[in-house]
Every structure is written in C-alpha cells, then in structure tokens.
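In what follows, a structure is listed as structure tokens, so that the remarks can point back to it.
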Amino acid sequence: MRSMGMTPAEIERRKIYVGLTPEDVRAIAGARKAIEDTVDRHVDAFFGYLAKIPEAHGLIENREQLPRAKKLKRDHIFGLVSGTYDEKYVEQRLELAELYNKIGLEPAVFLGAYNHLMTSLESVAREQITSLRKIGAFDIGVTVDALVHQRERVIRIQSEAIRELSTPVLQVRDRMLLIPIIGVVDSHRAQLIMENLLASIRSQRARAAVMDVTGVATVDSKVANYLLQTVAAARLMGAHVIISGLSAEVAQSLVALGIDLEQIHAVGDLQGGLEEAERMLAR
Amino acid sequence: MVPILKQGDTLIASIVAALSDDDLMKFRDDLAQRIGTVRARGVVIDVTALDVLDSFATRTLRGIAYTARLRGAETVIVGIQPEVAFTLVQLGLTLEGVSTALDLEEGLALLARKKQERR
Amino acid sequence: MSEKRIAIEREVDIIAARQAGRQLAGQLGFSTTDQTLIATAISEVARNILIYAQRGEIVVTSIADGARKGIEVIAADHGPGIENLELALRDGYSTKNSLGLGLPGARRLMDDFDLASELGRGTRVTMKKWKR
C-alpha cells in the first residue's frame, strides 16, 4: 500500500477525482440490499465475460486461483455497497489486483470485465447506477494503478539484473582479472564497472587486471575520466590495470580529449593484454 | 599511538581508526627515528582500519613515505579499501611516488621484489 | 527530517562529524561508496573550520526534492571569512601552511555545492548529495 502512496490523503484525493459525494454514498446504501441479495449473479457476469476472452483463460483455467478470485470478487461487491471506502477497502482492491497480476491479466481486459459487472449491477439498481459507477471508477483507478506499479517493479528488477550481467569481472587465473566491456558505456555503467573491479581486486587478491574495450565503439570525456579513475583507484589497491583493444577511433578521441595518457598502460589487443599482465605478475 | 613492529629489516605499522592529527605527527617522528635505529630498509603502513582518508591524512602519509626514503627505507602503504580508493581518486589525490599494495602480505612481497631489483 | 548538529572546536570533533554524516547517509540508504564520499567531504570542510575559524558547526540533514532523497551538509563558522571566493575554490590554493584542498576537494565529492562568506562575519558551506 505504502509503496504505491495509498495514504488516507491520497484516497480522499481519488474520491474527489471521481466526484464521489456524501449523496452518492447515501444512494449506494439504498441499493445495498438488492445487490447483496443478487451477488452471485454479478460475480458470474464478471467471470462470464472473462471466460469469453482468450487472454483471460490463464485465470479461468486456473483451478487453484479461480475459486479464490470468485470469493474475493464477492467480497469486493459487498465492499462496493458497504458505504465505507477507506484504507481497508483499498487494501481489498489491491489484493485482487495482485491476483490479476499473478495470472497476467491485462488492464484492458480487466476494464471490459468491470464494465460488464457494472451493467449487471445496473439491472438491479437502476436508480443508483450513477453513484455506483463513481465508486466503480475509483476501483478501476486503484486496480489499474496497482497493475502498472507491479509491472514497473518487474522491469526495474530485470534492468538491474541485465546491468549486473553486463559488467562481469572474470578471474582468468590466480591474481589476474579480465573485464570484457561490450557495447555502450555510460557514466552509470562505468561507475558500476569500477566498483565491481575494486571489489574483485580485494576478494580475488588480484595484482593485474586487463580491461578489454574491443567491443566499445565510442567513449566520451566523462567515461574516459572514469576509466582513468579506475586505473588510479586500482593502483591504490596494488593492482595494475592494462587496457586492451582500444580502437583507432577511441584512441583518437582520447587524445583529442586531452586525457593524460601517461596514466594508461595500453596494449593493442586482448591477447597482448593478457600476455602483458602475465609478464607483470611474473616480476 | 601507532604500534611499530620490526620484522627483519622491515618496520610494520598498523594505523587504527580515528587517529588524531597529533598522533599522526607523533607516528611520523617515531618512525623516522626507528628507521635509523634499526637500519630498516622497508616500511609497511597498514591503513585497512581507516574508513576515511582525507587530504590531510593523505598528505601526511606521503610525507612519511618521503621522510622514510630520505632515511634509506622504501615505504608501501597497504589496505586502502575500495571506497577509500575511489574517494581519493575523486579528490584527485594520487599517492604518486608512494608504493601501494593490497595487504600486509602483498606489501612485504613488493618490498622483497624491490630489494631484488635494487641489487 | 532528521538533523544532527556537531560543534567543531577540537580535532576529535572532525571524526564525530564525519561519523554522524556517514551514519545518516547509511540510514538514508546511500551506498557505502557514497557514504565514504560524504564522510570525506565533511572531514575536509570540518578541518577547514578548525584551521581558519578555530570553531564552528557542522549540520547534517536529510532532505528531499520531489521524489529525490538526499543529504545536506552545512559547515558554518563565524571566522574571518574568505577574501577571494574564486581563489579559494581553485584547486591547490591556500594561504596557510597546511595546503588547502578542503573546499575544491569537498566540491568534487558532492553533487551540489554552495559557498557564502563575508569578511569579518564568517563562512557557510552548503553541500548536498542525492541518492541515485
């Protein structure tokens, strides 16, 4: 709840968005009995619709989740007409949303099903339908936001994982590390590389590291500085960094950037870099 | 107070965290004297316990290393932690002219190598 | 907003100030690397206070700017003030024996850096670091 910012203040704001007034709450109270008495009809309307959608069959076919979803939906409808729309009410909606997320229900499909539910409610509460649709809109807002929030969380976790994989520090042999860098290096990645390298120097007790940039097409001044800083920091930890695979373009841009090349021990290719590292360790 | 141990012709000093500026100066003078007294050829200063190396501490360490060299001993600073190394580099402080190694073992090995080279 | 004030009157206070900064930074979720950067920046400006003003204060506070969270460090003193701000911020400059590097160094380590000084009144350094 909190990670989504569902504070009591936020809940009140959302009620204002949908225009829910005390009159609406009173009207809904008037429809309460009628809806509670016909609750199963409405639950079936919702799931009946979903059964017709191929994208929703993940839920419909799921023998474990479907009964739970139906029960939650029943509770949800009771909540809808309860007249109390507070944190507990929102909690209930978020619980359903989590279930929908687990079975991969698309927001668009959910919206269609919800609309069917509203139409079903209208059949027994025609007078109060405007008020009911307002609280329905509230529900939809909360549920869709929860689905999106979940999805964004997954994307964040995956990006982190990809970033981890893309900055590997390999131990070639005792005391020697190899850092193959491929693709685009931005300052964030450059810093990750440095942090990984320094941590590895400590844990592997490395004295030599070859940073191979064969796969790097361009380097801007920020990244070039990071590379220099990496070399300097590694040196403070007693490890010598050799940079291999600088392309002609990258080499030229480093010169143009005015980088202090005295600091860089560069070797043409990866093989040469590894051999040079061997020589350093042999000393 | 920084304890200074002797191992062969090498002096080993471990700097504990939160050393005052005065203690640091005292250590410098102490060390300079000891180098002469025991005819030390090498000094290892272990800063593993230091979670911060600011510009003052860094300058002092460099000064200690230079003083040691003037008295005929090679200094190696060991135990600079990754975060501290990163910070020093960001500050633009190099320990230029001072040898560094990962830890005490590496520091002693480095001194041994240098000794070989000097022969 | 948590805030911690550390009086800087003796050398040992520098250590207290950087530990307070490190602790708050840790609580705010800064990486250990950033914690070290912050603690070191505090060490630099706190030492400056001792050298140039003999006494002053370090204040560390948690701050927020919309979704961003960060830490603010203020180093204030009622010392003689800095005559030439530009010169003081230039790398390698100092009038006293113990070579400066305090201000330019601290600036390099933090994200935002502001220096205000008035001759005869005092100096105030405000620096901030934001969580990535």
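FYI, it's all coordinate maths here, none of it is from the lab. As the structure is a prediction and not an experimental result, all values here were calculated from the model. Positions of Cβ are generated from backbone atoms using ideal geometry, with glycine treated the same way; all protein chains shown enter the neighbour counts.
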Exercise. Whole Å is fine, so just give me how far the alpha carbon centre of region A:169-215 lies from that of region A:43-113.
Key: 48
Practice problem: Mind checking which of A:SER120, A:VAL142, A:ALA161 is farthest towards the positive end of chain A's charge dipole, using Cβ charges of +1 (Lys, Arg) and -1 (Asp, Glu) about the Cα centre? | Solution: A:SER120
Quiz item: Percent relative contact order of region A:179-283, based on C-alpha pairs within less than 8 angstrom and at least six residues apart?
Solution: 31
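Size of the dipole of chain A about the Cα centre, Lys and Arg at +1 and Asp and Glu at -1 on the beta carbon, nothing else charged, in debye to 20? List each step's numbers first, then the result.
On the way: 35 positive and 37 negative charges, 136 e Å.
With Lys and Arg at +1 and Asp and Glu at -1, about 660 debye.
Roughly how big is the protein assembly as shown's charge dipole about its Cα centre, with Cβ charges of +1 (Lys, Arg) and -1 (Asp, Glu), in debye to the nearest 20?
Details: 69 positive and 70 negative charges, 171 e Å.
I would put it at about 820 debye.
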Practice problem: Sorted from largest down, give the three principal axis spans of the alpha carbons of region A:184-283, whole angstrom values. | Solution: 34, 26, 23
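Pairs A:LYS15/C:LYS69; A:LYS134/C:LYS69; A:LYS73/A:LYS134; A:LYS222/C:LYS129: which are spaced more than 25 Å apart, C-alpha to C-alpha?
Working: A:LYS15/C:LYS69 29 Å; A:LYS134/C:LYS69 36 Å; A:LYS73/A:LYS134 18 Å; A:LYS222/C:LYS129 19 Å.
Long pairs (Cα-Cα over 25 Å): A:LYS15/C:LYS69; A:LYS134/C:LYS69.
Sorted by mean Cβ packing within 10 Å, highest first, what order do the peptides A:122-132, C:61-71 take? Working shown, then result.
Details: A:122-132: 16.7, C:61-71: 13.5.
Ranking, from highest mean packing down: A:122-132, C:61-71.
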Exercise. Among A:LEU257, A:LEU270, A:ILE201, flag the residue with its Cα farthest along the positive direction of the charge dipole of region A:170-282, charges on Cβ as +1 for Lys/Arg and -1 for Asp/Glu.
Key: A:ILE201
Quiz item: Per-residue mean of other chain beta-carbon atoms within 10 angstrom of the beta-carbon, peptide B:44-54?
Solution: 4
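Which loop-located GluC sites (Glu not before Pro) does region C:51-93 contain, where loop means any DSSP state but H, G, I, E or B and the Cβ has at most 12 other Cβ atoms within 10 Å?
Details: sites: C:GLU57, C:GLU72, C:GLU83, C:GLU86; in loops: C:GLU83.
When the GluC sites (Glu not before Pro) of region C:51-93 are filtered for loop state and at most 12 Cβ neighbours within 10 Å, C:GLU83 remain.
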Quiz item: By how many degrees, 0 to 90 and rounded to 10, does the Cα axis of helix A:8-18 deviate from the longest principal axis of chain A?
Solution: 60
Quiz item: At q = 0.14, 0.16, 0.17 Å⁻¹, what log₁₀ I(q)/I(0) does a Debye calculation on the Cα points of chain A give, no solvent, two decimals?
Solution: -0.88, -1.10, -1.22
Quiz item: Where both residues lie in region B:4-118, what percent of DSSP beta bridges are antiparallel, nearest 5?
Solution: 25
Quiz item: Among A:150-157, B:39-46, A:230-237, how do they line up from the highest to the lowest mean number of other beta-carbon atoms within 10 Å?
Solution: A:230-237, B:39-46, A:150-157
Quiz prompt | Helix-only [θ]222 nm of chain B, DSSP H runs n ≥ 4, -39500 (n - 2.57) each, per residue, nearest 500 | solution = -16000 deg cm²/dmol
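Could you tell me what percent of the DSSP beta bridges with both partners in the protein assembly as shown are antiparallel, to the nearest 5?
Working: 38 of 65 bridges.
So the antiparallel bridges amount to about 60 percent of the total.
Are there GluC sites (Glu not before Pro) in region B:56-119 that DSSP marks as loop and that have at most 11 other Cβ atoms within 10 Å, and which are they? Don't skip to the answer; put the middle values down first.
Details: sites: B:GLU74, B:GLU83, B:GLU96, B:GLU105, B:GLU106, B:GLU117; in loops: B:GLU96.
Here the GluC sites (Glu not before Pro) that fit, given the DSSP loop and packing criteria, are B:GLU96.
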Self-check item: Dipole of the protein assembly as shown, positive direction: furthest Cα of B:LEU61, B:VAL84, B:ALA109, with charges on the beta-carbon
Solution: B:ALA109
Exercise. Over the alpha-carbon set of the protein assembly as shown, work out the extent along each principal axis and list the three values in angstrom, largest first.
Key: 101, 63, 45
Quiz item: For region A:51-60, what does the Karplus curve 6.51 cos²θ - 1.76 cosθ + 1.60, with θ = phi - 60°, yield as ³J(HN,Hα) per residue in whole Hz, taken in order and with x for Gly and Pro?
Solution: 4, 7, 9, x, 5, 9, 5, x, 7, 4
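So which trypsin sites (Lys or Arg not before Pro) in region A:62-111 pass both tests, a DSSP loop state and at most 13 other Cβ atoms within 10 Å of the Cβ? Mind showing how you got there, number by number?
On the way: sites: A:ARG63, A:ARG68, A:LYS70, A:LYS71, A:LYS73, A:ARG74, A:LYS88, A:ARG93, A:LYS102; in loops: A:ARG63.
Those that pass, being in a loop and sparsely packed, are A:ARG63.
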Self-check item: Crossing angle, helix A:221-236 versus chain A [Cα axis fit, 0-90 degrees, rounded to tens]
Solution: 60
Quiz prompt | 5 angstrom amide H check on B:VAL78, placed H, neighbours 5+ away | solution = B:ILE45, B:ASP46, B:VAL47, B:ALA101
Self-check item: From phi via Karplus (6.51, -1.76, 1.60), per-residue ³J(HN,Hα) for region C:54-65 in Hz, x at Gly/Pro
Solution: 6, 8, x, 8, 10, 10, 10, 9, 7, 10, 9, 9
Quiz item: What is the mean projected area of the alpha carbon convex hull for region A:1-106, to one decimal in square nanometres?
Solution: 7.4
Exercise. Would you calculate, for chain A, the mean residue ellipticity at 222 nm contributed by helices, counting each DSSP H stretch of 4 or more residues as -39,500 (n - 2.57) and dividing by all residues, to the nearest 500?
Key: -21500 deg cm²/dmol
Exercise. Compare C:LEU37, C:LEU119, C:LEU24 in a GNM of chain C, Cα atoms joined below 10 Å, and give the one with the largest fluctuation.
Key: C:LEU119
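Helix hunt in chain C: which complete DSSP H runs extend at least 15 Å axially by C-alpha with mean Kyte-Doolittle at least 0.5?
Numbers: long enough: C:11-27 (25 Å, -0.18); C:32-53 (31 Å, 0.62).
What comes out of the filter, once short or polar helices are dropped, is C:32-53.
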Quiz item: Most exposed first by the Cβ proxy, i.e. fewest other Cβ within 10 Å, how do A:ASP44, B:ASP22, A:ASP145 rank?
Solution: B:ASP22, A:ASP44, A:ASP145
Exercise. For B:LYS26, list the lysines whose Cα falls under 30 Å from its own Cα; do not include residues on the same chain fewer than 8 positions away.
Key: B:LYS6, B:LYS114, B:LYS115, C:LYS96
Quiz item: So what is the relative contact order of chain B, in percent, for Cα pairs below 8 Å that sit 6 or more residues apart?
Solution: 24
Exercise. Compute the Rg to Rh ratio over region B:4-118 from the alpha carbon atoms, using the Kirkwood formula for Rh, and round to two decimal places.
Key: 0.94
Practice problem: Rounded to the nearest 10 degrees, what's the angle between the helix A:22-37 long axis and the longest principal axis of chain A, both from Cα atoms, 0 to 90? | Solution: 80
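Note down the magnitude of the dipole of region C:3-130 about its Cα centre, charges +1 on Lys and Arg C-beta and -1 on Asp and Glu C-beta and zero elsewhere, to the nearest 20 debye. Could the numbers behind the result be given before it?
Values: 17 positive and 17 negative charges, 50 e Å.
I would put it at about 240 debye.
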Quiz item: Which whole-Hz ³J(HN,Hα) couplings does region A:178-183 yield from phi under the Karplus relation 6.51 cos²θ - 1.76 cosθ + 1.60, θ = phi - 60°, glycine and proline marked x?
Solution: 10, 10, x, 10, 10, x
Quiz item: For chain C, what does the equivalent ellipsoid look like in terms of its semi-axes, each the square root of 5 times an eigenvalue of the Cα gyration tensor, given largest first in whole Å?
Solution: 24, 15, 13
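How crowded by other chains is B:73-83, given as the mean number of beta carbons from other chains within 10 Å of each beta carbon? Don't skip to the end; give the middle numbers.
Working: counts 0, 0, 0, 1, 2, 2, 3, 7, 6, 17, 13.
Taking all residues of B:73-83 together, the mean is 5.
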